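Report on the following structure.
The values are calculated or read from the model by the stated rules, or taken from the named source; none is laboratory data. The structure displayed is predicted, hence computed values, not measured ones. Note: ideal-geometry Cβ built from the backbone for every residue, glycine included; neighbour counts use all protein chains shown.
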Amino acid sequence: MFQTQINMVKKKLSVYDLKKLKGKRQISEVFVNNEEEAIAAEEAGIDIITAAYGMPQFGFNATLEDIERIRKVCPNTHLMSAPPIFSYASSYEAIKSSYSLLSIGIDSVYTANSCKWIKEMTAEKIPVISHVGLIPSQVTWLGGFRAIGKTAIEAKDVYYHTLSLQDAGVFAVEMEVVPKKIASFITKNVDILTISLGSGSDCDGQYLFSQDILGTYHGKYPRHAKVYRKLIDDFESIQKERITAYKEYILDVNNKKFNDPSISVDIDKKEYDLFLESLKK
């Protein structure tokens with residue numbers, strides 16, 4: 001594990017704390033894939049860490065046990081997660097799945113389900129973050145992965161959707177690929193937090209995936225992704241070094257190069273002779 005000395009004075013932000021930040025400062029949110037990224041995000045001072053499990057269709061292959069481990073290594077950061085999409089078929093099941101997450105220390109729950117279901121979840125005091133604009137799980141209704149809100153009609157739909165979610169009791173929405181002027185207008189006209197994914201800098205916060213920030217993705221990066229490092233190059237270089245090292249090892253095996261005194265143990269000649277002699281008796 002790569003955990004180093006974490007600043008122990010950092011306070012984990014509650015939903016109450018996050019809501020009070022609206023209009024005061026920007027909120028940072030990142031999606032992490034493993035414990036190492038979670039540790040780094042907490043040490044860096046990220047406000048909200050997000051992790052998902054059980055959604056291979058979106059590339060999230062982690063298990064609930066993985067989420068528990070992530071929770072343990074970033075105890076001082078607000079952690080948001082979500083029950084696997086399409087794994088529940090009623091508000092009752094959504095509430096039950098959310099309670100399972102809250103029981104392991106998750107601080108808030110993501111869902112892009114209907115306002116009807118969300119209202120029942122928030123009635124049970126489940127802290128909910130929802131989604132407006134480009135919603136990946138609903139992309140078949142949108143005509144593909146594209147910006148949402150570039151026409152007056154679509155912009156109005158995004159605004160009213162946000163208002164409906166606010167009425168349903170969510171404390172925040174992820175606003176994905178919405179024109180920045182529309183995102184800014186909505187942010188100024190709602191009480192809940194708006195977290196931008198490609199929707200400009202005038203939302204209440206920003207959300208990026210670690211694979212974008214760290215540059216660990218093999219394919220094409222989304223237009224709104226801001227890449228700060230290209231760690232994939234380092235990973236590929238490390239993999240080449242692994243292969244080379246294994247080949248050198250095979251060569252040494254074949255050439256019997258494991259008798260060096262520094263890596264092997266010998267027996268005194270006298271003791272060896274006694275050993276051979278003892279076998280004759």
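Okay, here's what the table says:
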| quantity | calculated |
| --- | --- |
| Residue among Ser90, Ser97 that alone is in the same structural domain as Ala172 (by TED's automatic domain parsing) and loosely packed, with under 12 Cβ neighbours inside 10 Å | Ser90 |
| So Gly143, is it in a loop (DSSP other than H, G, I, E, B), touching a residue at least 24 places away in the same chain (Cβ under 8 Å), among the small types (Gly, Ala, Ser) and over 20 Å from Lys226 (Cα atoms) | no |
| Neighbours by Cβ (under 6 Å, 6+ apart or cross-chain): first from segment 28-55, assigned by TED's automatic domain parsing to the domain that holds Tyr88 and crowded, with 21+ Cβ neighbours inside 10 Å; second in a loop (DSSP other than H, G, I, E, B) and among the small types (Gly, Ala, Ser) | Val32/Ala51; Ala52/Ala82 |
| Only one of Ile126, Ile148 that is touching an Asp or Glu at 6+ places or on another chain (Cβ under 7 Å) and either outside the structural domain of Gly23 (by TED's automatic domain parsing) or in a loop (DSSP other than H, G, I, E, B) (or both) | Ile148 |
| Of all residues making up segment 74-113, the number that are touching a helix residue (DSSP H, G or I) at 6+ places or on another chain (Cβ under 6 Å), farther than 22 Å from Lys10 by Cα, without any contact (Cβ under 8 Å) to a residue 40 or more places away in the chain and assigned to a loop (DSSP other than H, G, I, E, B) | 3 |
| Boolean, Ser130 is within 19 Å of Ala82 (Cβ to Cβ), modelled with pLDDT of 95 or more and buried (at least 18 other Cβ atoms within 10 Å of the Cβ) | yes |
| Contacts under 6 angstrom Cβ, first residue in segment 128-140 being under 16 Å from Val109 (Cα atoms), partner of a type in the set (S, T, N, Q) and part of a helix (DSSP H, G or I), 6 or more apart | Val128/Thr122; Val132/Thr162 |
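Results for (1) of a type in the set (A, V, I, L, M); (2) more than 30 Å from Val132 (Cα to Cα), shown as yes or no for each residue.
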position: Asp191; (1), (2): no, no
position: Phe209; (1), (2): no, no
position: Lys226; (1), (2): no, no
position: Phe235; (1), (2): no, yes
position: Lys240; (1), (2): no, yes
position: Tyr249; (1), (2): no, yes
position: Asp260; (1), (2): no, yes
position: Leu274; (1), (2): yes, yes
